[in-house]
1. Give the residue, chosen from A155, A194, A166, A107, that is modelled with pLDDT of 95 or more and buried (at least 22 other Cβ atoms within 10 Å of the Cβ).
2. Can you tell which of V141, V97 is buried (at least 16 other Cβ atoms within 10 Å of the Cβ), at pLDDT 95 or above and more than 18 Å from E265 (Cα to Cα)?
3. Give the number of residues within segment 117-170 that are among the aliphatic types (A, V, I, L, M) and under 18 Å from G185 (Cα atoms).
4. Scan segment 255-273 for residues that are of a type in the set (D, E) and either buried (at least 22 other Cβ atoms within 10 Å of the Cβ) or under 12 Å from L210 (Cα atoms) (or both) and report the count.
5. Which residue out of A166, A161 is small (G, A, S) and out of contact with any helix residue (DSSP H, G or I) (no Cβ under 7 Å at 6 or more places or on another chain)?
6. So is E182 assigned to a loop (DSSP other than H, G, I, E, B), closer than 15 Å to P254 by Cβ and in the same structural domain as L261 (by TED's automatic domain parsing) or not?
7. Can you name the residue in segment 36-85 that is of a type in the set (F, W, Y) and more than 28 Å from Q133 (Cα to Cα) and is also surrounded by the most Cβ atoms within 10 Å (Cβ to Cβ) among such residues?
8. Given the criteria in the same structural domain as S25 (by TED's automatic domain parsing), surrounded by fewer than 17 Cβ atoms within 10 Å (Cβ to Cβ), outside any helix (DSSP H, G or I) and out of contact with any strand residue (DSSP E or B) (no Cβ under 9 Å at 6 or more places or on another chain), does R150 qualify?
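The values are calculated or read from the model by the stated rules, or taken from the named source; none is laboratory data. Keep in mind that what you see is a predicted model, and the values were worked out from it rather than measured. Methodologically, a virtual Cβ is constructed for each residue, glycine included, from the backbone with ideal geometry; neighbour enumeration extends over all protein chains shown.
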Amino acid sequence: MQDLARGMPVAFAIWVFAFGAMVGSFLNVVIARVPKRQSIVSPGSRCPRCGSAIAWYDNIPIVSWILLRARCRKCGQPISTRYPLVELLMGVLAVAVVKRDGLGWVAVGDFGLVAALVALAYIDLDTWLLPHQITWPLLVVGLVSPLWNRELTWAQSLIGAAAGFALFAAIALIGEKLLKRETMGWGDVWLLAAIAGWLGWPALLPVVLLSAVQGAIVGSILLAVRREPEPSPPPAPAAPPSDEDWVPPKHAVPYGPFLSLAALEYLFFGDRIVSGWNHLIFRLLS
């Protein structure tokens, strides 16, 4: 079965892709409902515009979106490209996981990690939140992942989770207590701990560096392309905002998607990343 998966015949790859796309369809429900604390089981899939139930033949991943011309059959309102993109992404990632791990519990575990990271990235993009309903179970399962991932030791998982939590928690507390501003969201703290629990402490430095560099690049690009609006008169004094009224700082970008992206990069290209980093350090020091 391992050889079959890694050889990846076309028919088998299509089956794996279709399975991943179906999981992506479910993730679209998770992305839309979890931040609102709604059930992801009931009711069934509904149009986000008119609320009408979606028939099974209009809920085929990617295909239905194309056949419906990106519009709801009932109300005719447009359906976001987000839905087929998540399904397409999960289909591609499912093939990548099986090609990397073969068929077995390691592939099941890695695909679960991948699905959680994709859901968290999109939720953070939409809401600036990384829900504990996902990050906490992800951490717990990551700490027991050595049961099926023989390449990861218990010590690597436990030390990674503890060190990842301590690192980002220190940054968050320094911002809150000393700088009196938010320097790191606590959702990011739990997410890094979960990632390091799954990938082990050797992944900590590459994941943190990759996420920081890629986040800085994207943030700089957004800062350059966004024009400054005309200054407006200062608002009248108001009551201190609550947590629900919080708005992100100007020109800021959520960090969760970059942590998720870096974790995926390390999962699939970790050896090459570490080798390239060591080569770069050697060249700089020599």
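1. Step by step, each of A155, A194, A166, A107 is checked, and only A194 is modelled with pLDDT of 95 or more and buried (at least 22 other Cβ atoms within 10 Å of the Cβ).
2. Sole residue among the options that is buried (at least 16 other Cβ atoms within 10 Å of the Cβ), at pLDDT 95 or above and more than 18 Å from E265 (Cα to Cα): V141.
3. The number of residues fulfilling the criteria is 18.
4. The number of residues fulfilling the criteria is 1.
5. The match here is A166.
6. yes
7. Per the stated criteria, the residue is W65.
8. no
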